[in-house]
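Peer 1: What follows is a structure written as structure tokens; I'll ask about it next.
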Amino acid sequence: MELNAWITLGVLGLTLALLVSDKLAAELVLLLAMLILLALGVLDPKQALAGFANEGMITVAAMYVVAAGLRDTGAIDLIVQRLLGQPRSTASAQLRVIAPTIGLSAFINNTPVVAAFLPAILAWAKRNKLTASKLLIPLSYAAILGGTCTLIGTSTNLVVNGLWSGDGHAGLGMFEIAWVGVPSALAGTLYLMTIGRRLLPERKTGTSAFENPREYTVEMIVEPAGPLVGHTIAEAGLRHLGRLFLVEIEREGRIIPAVGSSERLLADDRLVFAGDVDAIVELQRIRGLRAPLNGDAAISKQAPERKLVEVVISTRCPLINQTLRDSRFHTYYGAAVVAVARDGQRVRGGLGDVVLKPADTLLLEARPVWVERHRHSPDFLLVSDVADSEVPRFDRALRAWGVLAAVIVAATVGWLPMVTAALLGAAATLALGCVSLGAARRSIDTQVLLVIACSFALGKALEITGAAASIARLLLAIPGDNPWFVLALAYLMTMLLTEMITNNAAAVLMYPICMAAAQSLGVSPLPFVFAVMMAASASFSTPLGYQTNLMVFGPGGYRFTDFLRVGIPLQILLWAVAVAVIPLVWPFQP
């Protein structure tokens, strides 16, 4: 191999190590990889930046806007309300969750589908006395399975199609992947309804950890004649109490949420502290405070001035691995943490010492506008069933569905290329008032797009330097020249890689290697294209491998091992289905 090939392999190894270690954000790691390849002359500027103009990436961005129109008009919520119904058993409830989720996820980004279903299913399960942990993993897995059934079902399919068309081939059809996606979805559904149903745990949901406010809050009253009246929170020494944190003040029937340090105390203020309730002795030692004699917990009362919100920490949150005290969460986000749940159980002790981890569920107290501002934040996955400040425009739901249908028909019939249909669909979504310009802008996940664009640079370097061909030759040394075995190994490698790094990055990195392997074997590359598509979406074994898994992790009260137990057999099953079906539909010999 030439020097540039060795440089590329070195950059690839470093990139994978950083992505797996999770020390830096994925988009930053891949951006650094692109810049190194550009600075060392492995890629010229045109090659390094080509990913930013790739049709696949642009299509993904446009489809985010179309999906935002469906979400903000309540189009998805209308479907959810009609489909859940009255289940007669847990198996019936699971089927009512799985079937519509697969159908919707085939055409809509998985995240808004799960976001719409999640609070509805939690309330539905409670109403019908069902265990939510029996329903939420099937919800996430069904969303992933549905995404494999069409070209627009997941961003990974669009990215691989962009790579394929970028090599000079005609773009893949809207339903071409359905030949393997539908059998995989049927096999996955059968598994979840039989073997998988028995492997699912039966636990209380993460929401139940926050049901009794008296378990995680302490209230004190400011004595009218006491020394604290007229002093600020900071002057009274109530901001840094160690194991307790002041989250709100109830004053003359109204609530002051997310209390700042400069707020002045008045007589008879009821102060609500969150954290270790055993630390109440610390409050009793403060002159001017006394315990209330009776009354309901203030935190449990409805108030127009504040909202209680449950969020799940995402893998992208910049405060991960920091304590709540060191991260200054209250200042950073403008919301107070009232309680933390992990693995379905509330974390006890002082809140300040809790180290934030991905998939932690936080109960926050914030002003009503907070939900609207952070609804699309990549730092959080909002999962609480709260009254949105912006009521969905159900009268425009049919318009949103019409736009999606037009995109599908135009791309399927061949009237327009996929990227053109998606861009026109995004424009129509805005023009018809299905989503505001601000909401459309926030709906576009720039971090995902940056990962995709920068991954293209690394994939291009693997291709042009011959590094991909060298890796392919190593792959061929294991299974020999049998294309079935090579296909199975390529699927396995992509599947393992997508559990360690992002699914889009895994697809982009494996694509040139698989193309080189197909060329060495002298067979059609199409089977390998679809194998990469399917395997990159097969992320079932960890809660961190796919965003929808992370969304259900806290509310379902799951543990990390639950995904291993249920997900690994499903991945093996889909591996077998894909390797068996793909060569039958797209033969190795063109």
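Peer 1: Can you give me the angle between helix 503-521 and the longest principal axis of the chain, using Cα atoms only, in degrees from 0 to 90, rounded to the nearest 10?
Peer 2: Once rounded, the angle reads 10 degrees.
Peer 1: Compute the angle between helix 3-21 and the longest alpha-carbon principal axis of the chain, please, reported from 0 to 90 degrees and rounded to the nearest 10.
Peer 2: Taking Cα atoms only, the helix is inclined about 30 degrees.
Peer 1: Can you compute the FRET efficiency between residue 379 and residue 28 using 1/(1 + (r/R0)^6), with r the Cβ-Cβ distance and R0 = 22 Å? Round to the nearest 0.05. Working shown, then result.
Peer 2: Numbers: r = 15 Å, r/R0 = 0.69.
That pair, residue 379 with residue 28, gives E of 0.90.
Peer 1: Could you size up the charge dipole of the chain around its Cα centre, putting +1 on the beta carbon of Lys and Arg and -1 on that of Asp and Glu, and report it in debye to the nearest 20?
Peer 2: Values: 46 positive and 43 negative charges, 211 e Å.
It comes to approximately 1020 debye.
Peer 1: Report the label-to-label distance for residue 2 and residue 446 in nanometres (one decimal), using points 7 Å from each Cα along the Cα→Cβ vector.
Peer 2: 3.6
Peer 1: Let me ask you something else. Positive end of the charge dipole of the range 210-382 (Lys, Arg +1 and Asp, Glu -1 on Cβ, about the Cα centre): tell me which of 330, 363, 232 has its Cα farthest that way.
Peer 2: 330
Peer 1: Tilt of helix 446-464 relative to the longest C-alpha principal axis of the chain, in degrees (0 to 90, nearest 10)?
Peer 2: Tilt relative to the chain: about 30 degrees.
Peer 1: What's the lysine pair count for the chain at a Cα cut-off below 18 Å, pairs eight or more apart or interchain? Walk me through the numbers on the way to the answer.
Peer 2: Values: 23/357; 46/460; 126/134; 126/204; 129/204; 134/204.
So the count works out to 6.
Peer 1: In which sequence would 21, 105, 92 go, from the one with the fewest C-beta neighbours within 10 Å to the one with the most? All intermediate terms of the calculation are to be shown ahead of the outcome.
Peer 2: Values: 21 10, 105 28, 92 13.
Listed from fewest to most nearby Cβ atoms, that is 21, 92, 105.
Peer 1: Going by a ≥ b ≥ c, the root eigenvalues of the Cα gyration tensor, does the chain fall in the rounded group (a/c under 1.5), the prolate group (a/b larger than b/c) or the oblate group?
Peer 2: prolate
Peer 1: Name the trypsin sites (Lys or Arg not before Pro) in the range 77-162 that are in a loop by DSSP and that have at most 12 other C-beta atoms within 10 Å, would you? It would help to have the intermediate numbers written out before the result.
Peer 2: Details: sites: 82, 88, 96, 126, 127, 129, 134; in loops: 88, 129.
When the trypsin sites (Lys or Arg not before Pro) of the range 77-162 are filtered for loop state and at most 12 Cβ neighbours within 10 Å, 88, 129 remain.
Peer 1: For the range 241-256 and the range 72-89, write down the distance between their C-alpha centroids in whole Å.
Peer 2: Each part reduced to its Cα centre gives a spacing of 38 Å.
Peer 1: Here is a follow-up. Need the C-alpha centroid separation for the range 431-460 versus the range 535-551, integer Å.
Peer 2: The two parts, judged by their Cα centres, are 20 Å apart.
Peer 1: Further question on the same structure: The range 1-94: which chymotrypsin sites (Phe, Trp or Tyr not before Pro) are DSSP loop and have at most 12 other beta-carbon atoms within 10 angstrom?
Peer 2: Numbers: sites: 6, 52, 64; in loops: none.
The qualifying sites: there are none.
Peer 1: Distance between Cα centroids, the range 1-44 to the range 132-178: provide it in whole Å.
Peer 2: 27
Computed from the coordinates by the stated procedures, all read-outs in this text should not be read as laboratory data. Treat the numbers as computed from the prediction; the structure is a model and nothing was measured. Cβ sites come from the backbone with ideal geometry, for glycine too, and all protein chains shown count toward neighbours.
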